[in-house]
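The values are calculated or read from the model by the stated rules, or taken from the named source; none is laboratory data. Note that the structure is predicted; figures quoted are calculated from it, not measured. All Cβ positions, glycine included, derive from the backbone under ideal geometry; neighbour counts span all protein chains shown.
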């Protein structure tokens, strides 16, 4: 494999010294970029874009070409590829987000679900990973990812996005053994999926637990964290002679950082509700922290964005163990020039914290 | 005034001994009750129901008649009465929630807003309070309420409900002085509004900060908590020879309980993401805790609901200072028999913690 020219991101995840704080943005290849919208128009639907390795590679590289400050690429894909490969029929309705043709509600529905085999069922994803890795040619590391079992289950049981999560929580409270069976199948599928991404060239992986934060303290441990623990335990942790760091991101989990750090992951993603300095005092000896600017700050003027970056850098303080990011994905209506101001602020202001 | 026959709720808010844990439910007068739906059909629109003191009184009392275990009534009204009284033209579109005809986006928009005078602009609310208080005839105490300034501002600037809060946050980050002017007008209006409710007969008040939890740690302090502090400082704290307790409820504020308790309020509402025992260890010497069962537990079977009640009671532990509630409003699709099982479980299981 080609030598990595910029390993700042991987080094910070392993708490090794860096010259400045590395940065990437969740959803950095996305609708806020005109070049993305052009590729999307050429490809057809959103899933056409994900399933064609050349298009997936093209859009993955777009933000890196536009913003030289970015320190990592992330595979362009959808979090719902696994439920789709379980034959639930993923589709997208304009303005309504993802939907499934088949909804999972009963014990029989869960029993009928296969554990996904990535090699046979999701080869388009691994093909995209190896294509992107080749095209990157060592520029920056490539991040693989998956949704968490709990987060995938919410879409499968609700049949799409949800505001109140009532069907999935009714299953969880009324039929916990059925829910555990579903989560177990998903965890096994995710382990296989992420390991296949690592073997195809992903140099770090992130588990997106977008909806873990809607659970109670106790339910989070039993129905979300337990299965992320299982995944962390089942992953290939070293590949190509290098450690493969694992990042856990549960949105809304500011109260639960200690137990997340105890899984043995390398880093935690933080949303913007947590003060990153306080988080460092709580778990910074164990894990690297990734985050955590409110994506809405990107609607502000560049000077204000720069102030917010300065404030987060100061809150984290000196030394390695911080990967700069937003606290959630970048929004579609953000001006790309504001994203530029954000990235440049991190590039310019962070070296002072790494002397 | 008539003597209060059941003051368990007020006593627990002031950390005085009680025979069992008091209970009420946020949104207890609401769409899950068939008798509410009948009243609503008779009244016309939702706002017709709020603005007619006889209908507002009728629906306020319905859950008390159905569930003898309830220890408090809460004024039936909407949180958006204040922006409506600022001439923004509140209306409801089926399935879409509240909307405003006039949206507040600029410095001039904010400058044009009046501070609301409850006596002249919202007399229908104080009339409802005094009618309900009279009809209650001392059965249980009556809770008055208002939305928090930040929460009201989100609806006024977005023009209704929001998923990403981008307009209100753009104003907050780009024009903080305009946002402060708006929040200040709202805080002055809320002080007048809650004091008028207290003078009309409300025996406790709750401030609903439904959207404070979408802010960063620093922005929460500057744009939400600061104005709730101003309200706490401006409220009538004693009336009819009795203390009038103030409850602050910010959804998603589990990380911020200490600073909320420092406002001098009497109680904090907790959502279900916080372990109530851990919260008690953090702030239980200062304030009473209200909550905090996930409203989705009410979709489970009665035995499972009872288990969850038992678990929350055990987590809080012995002694006063706990008001049982849901962690947010009861959902419209809940079976009223499940709400009954919930209330009865608190009534039956909690005396063991107050010996």
**Report entry** Qualifying residues in segment B:312-345 (those that are within 10 Å of chain A (Cβ to nearest Cβ) and crowded, with 17+ Cβ neighbours inside 10 Å) - the one nearest to residue A:164 (Cα to Cα)
**Finding:** B:331
Requested in this report: Could you run through segment A:127-151 and say how many residues are assigned to a helix (DSSP H, G or I) and touching a strand residue (DSSP E or B) at 6+ places or on another chain (Cβ under 8 Å)?
Outcome: 6
Query raised in the report: Conditions: (1) without any contact (Cβ under 8 Å) to a residue 40 or more places away in the chain; (2) over 19 Å from residue A:66 (Cβ atoms); (3) in a helix (DSSP H, G or I); (4) away from chain B (no Cβ under 11 Å). Residue A:255 meets all but one. Number of the miss?
Result: (4)
Requested in this report: Tell me, yes or no, whether segment B:104-120 has at least one residue that is in a strand (DSSP E or B) and closer than 25 Å to residue B:212 by Cβ.
Outcome: no
Report task. Scan (1) surrounded by fewer than 17 Cβ atoms within 10 Å (Cβ to Cβ); (2) closer than 28 Å to residue A:62 by Cβ; (3) in contact with a helix residue (DSSP H, G or I) (Cβ under 8 Å, 6 or more places away or on another chain) for the single condition residue A:118 breaks and write down its number. Result -> (1)
Requested in this report: Go through segment A:152-166 and give me each residue that's outside any loop (DSSP other than H, G, I, E, B) and either within 10 Å of chain B (Cβ to nearest Cβ) or buried (at least 21 other Cβ atoms within 10 Å of the Cβ) (or both).
Outcome: A:152, A:153, A:154, A:155, A:156, A:157, A:158, A:166
Report summary line: Here the residues within segment B:167-225 that are assigned to a strand (DSSP E or B) and either out of contact with any helix residue (DSSP H, G or I) (no Cβ under 8 Å at 6 or more places or on another chain) or within 12 Å of another protein chain (Cβ to nearest Cβ) (or both) are B:206
Query raised in the report: Could you count how many residues in segment A:275-290 are closer than 21 Å to residue A:229 by Cβ and buried (at least 20 other Cβ atoms within 10 Å of the Cβ)?
Result: 6
Report summary line: Of the listed residues (A:100, A:92), the one being surrounded by fewer than 23 Cβ atoms within 10 Å (Cβ to Cβ) and at pLDDT below 95 is A:92
Query raised in the report: Which residues, taken from segment B:267-286, are more than 10 Å from chain A (Cβ to nearest Cβ) and within 19 Å of the chain's Cα centre (by Cα)?
Result: B:267, B:268, B:269, B:270
Report task. Go over the candidates A:28, A:16 one by one and state the one that is part of a loop (DSSP other than H, G, I, E, B), surrounded by 18 or more Cβ atoms within 10 Å (Cβ to Cβ) and at pLDDT 95 or above. Result -> A:28
Query raised in the report: Which one is nearest to the chain's Cα centre (by Cα), of the residues in segment A:210-228 that are in contact (Cβ under 8 Å) with a residue 60 or more places away in the chain and under 16 Å from residue A:184 (Cβ atoms)?
Result: A:228
Requested in this report: Check segment A:295-311 and report whether any residue there is surrounded by fewer than 22 Cβ atoms within 10 Å (Cβ to Cβ), within 11 Å of another protein chain (Cβ to nearest Cβ) and within 30 Å of residue A:229 (Cα to Cα).
Outcome: no
Query raised in the report: For residue A:232, which of the numbered conditions (1) out of contact with any strand residue (DSSP E or B) (no Cβ under 8 Å at 6 or more places or on another chain); (2) surrounded by fewer than 22 Cβ atoms within 10 Å (Cβ to Cβ); (3) away from chain B (no Cβ under 13 Å); (4) assigned to a helix (DSSP H, G or I) fails to hold?
Result: (1)
